[in-house]
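The values are calculated or read from the model by the stated rules, or taken from the named source; none is laboratory data. In this text the structure is predicted, and so the values were computed from the model without any measurement. Cβ atoms come from the backbone with ideal geometry, glycine included; neighbour counts cover every protein chain shown.
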Amino acid sequence: MKKLLLVLVIVLLIGAAVWAYFRFVHVTKAGDVYLQTVSAAMLGDEDGFLDGFTPESRPVLAALLRLSRTRDPRLASTHPYYYLVTEQIESVGEPQKGPDGKEEVWLTLKRAGDRGVGTEYSVRMVEIDRAWKIDALSFTGKKHVVDQTY
């Protein structure tokens, strides 16, 4: 009986340690969060797609999705999925403080099939409550260039 109780206590301690690690220590990388958001869009999970965005961006994206229901996302450049849903990540920048004081990362993306030079564009991701979210309001469709004035 004592052995069973000891095994049970050890299993509970290991379970608590794993839970604490994923709850308080582990932070998912920005690129992985972006790909999870893209996967939700590709699977038709609109709520999962919108959860990948900042709270300020969600209402705008939801309205654009409602307006674009009859358009093919692969062909209409005005559809929210056209630029935001691609699994081709060219590079992930280093986390840094943004102008609003939040941690930010810039992802450089390319649409699948775009082979031309200069077709890359950037998406800003912001860390909110220890989770990376896409900031669609800062999206310009152009590549992010860091001002390196000397």
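Out of the range 39-48, which residues are surrounded by 14 or more Cβ atoms within 10 Å (Cβ to Cβ) and either in contact with a Leu (Cβ under 8 Å, 6 or more places away or on another chain) or not in a helix (DSSP H, G or I) (or both)? It would help to see each step written out before you state the result.
Start the filter on the range 39-48 by keeping residues that are surrounded by 14 or more Cβ atoms within 10 Å (Cβ to Cβ), which leaves 39-41, 46, 48.
If the condition is that a residue be surrounded by 14 or more Cβ atoms within 10 Å (Cβ to Cβ) and either in contact with a Leu (Cβ under 8 Å, 6 or more places away or on another chain) or not in a helix (DSSP H, G or I) (or both), then A41, E46 are the ones that fit.
Which residue, of L75, L64, is modelled with pLDDT of 75 or more and over 21 Å from V33 (Cα atoms)?
Working: L75 fails: modelled with pLDDT of 75 or more.
Just a single option satisfies the conditions, and that option is L64.
Can you list residue pairs whose Cβ atoms sit under 9 Å apart, with the first residue in the range 1-29 being in a helix (DSSP H, G or I) and the second being surrounded by 10 or more Cβ atoms within 10 Å (Cβ to Cβ) and not polar (S, T, N, Q)? Count only pairs 6 or more apart in sequence or on different chains.
F24/R130
Among the residues of the range 132-147 satisfying the criterion of being surrounded by fewer than 14 Cβ atoms within 10 Å (Cβ to Cβ) and not in a helix (DSSP H, G or I), which is modelled with the lowest pLDDT?
Residues of the range 132-147 that are surrounded by fewer than 14 Cβ atoms within 10 Å (Cβ to Cβ), as a first pass: 137, 140-142, 145-147.
Filter once more, keeping what is not in a helix (DSSP H, G or I): 140-142, 145-147.
Values: T140: 78, G141: 73, K142: 75, V145: 70, V146: 65, D147: 59.
Going through the qualifying residues, I end up with D147.
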